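S.K.: Before anything else, here's the structure in question.
The values are calculated or read from the model by the stated rules, or taken from the named source; none is laboratory data. Since we're looking at a predicted model, the values are computed, not measured. A quick note on method: Cβ atoms are made from the backbone with ideal geometry, for glycine too, and the neighbour counts reach across all protein chains shown.
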Amino acid sequence: MTDRRRTPRYVLEQPLPGHAMPMQDVIVEEFSGDRLVVVSLDRHVVDEDLLVYLSMPHGVERYRAKVTSSTPVSVGGKLCSRLELLVGALDNDESSERTH
């Protein structure tokens, strides 16, 4: 059978606590004031609006951002985009965390 699993499988009887942070889409080059420079695998156009999540020592911060510059760059043989973003705080209604 070609679909048969040959590697061992494990079940945790008591799951371990943890955090998942799947949003690892960019490499931050610079962040100062209201300017953020990142390298992204995705292409973005000037004036595109984005929502940016940054992992900081005291937790995740969210910002509203607008692409001010997008330049193609090569990183490790892959074509990426160097983005310059103008960032601003979210409105109070948007920045409050919602619990489910």
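S.K.: Being surrounded by 10 or more Cβ atoms within 10 Å (Cβ to Cβ) and either of a type in the set (Asp, Glu) or farther than 16 Å from residue 25 by Cα (or both) is the filter here, so list the residues in the range 65-85 that pass it. Working first, answer last.
M.R.: So in the range 65-85, the residues surrounded by 10 or more Cβ atoms within 10 Å (Cβ to Cβ) come out as 65-71, 73, 75, 79-85.
Passing the criteria: 66, 68, 69, 71, 84.
S.K.: Quick test of your reading of the structure: residue 34 fulfils all but one of (1) within 20 Å of residue 89 (Cα to Cα); (2) surrounded by 10 or more Cβ atoms within 10 Å (Cβ to Cβ); (3) at pLDDT below 90. Name the failing condition by number.
M.R.: Result: residue 34 passes all but (3).
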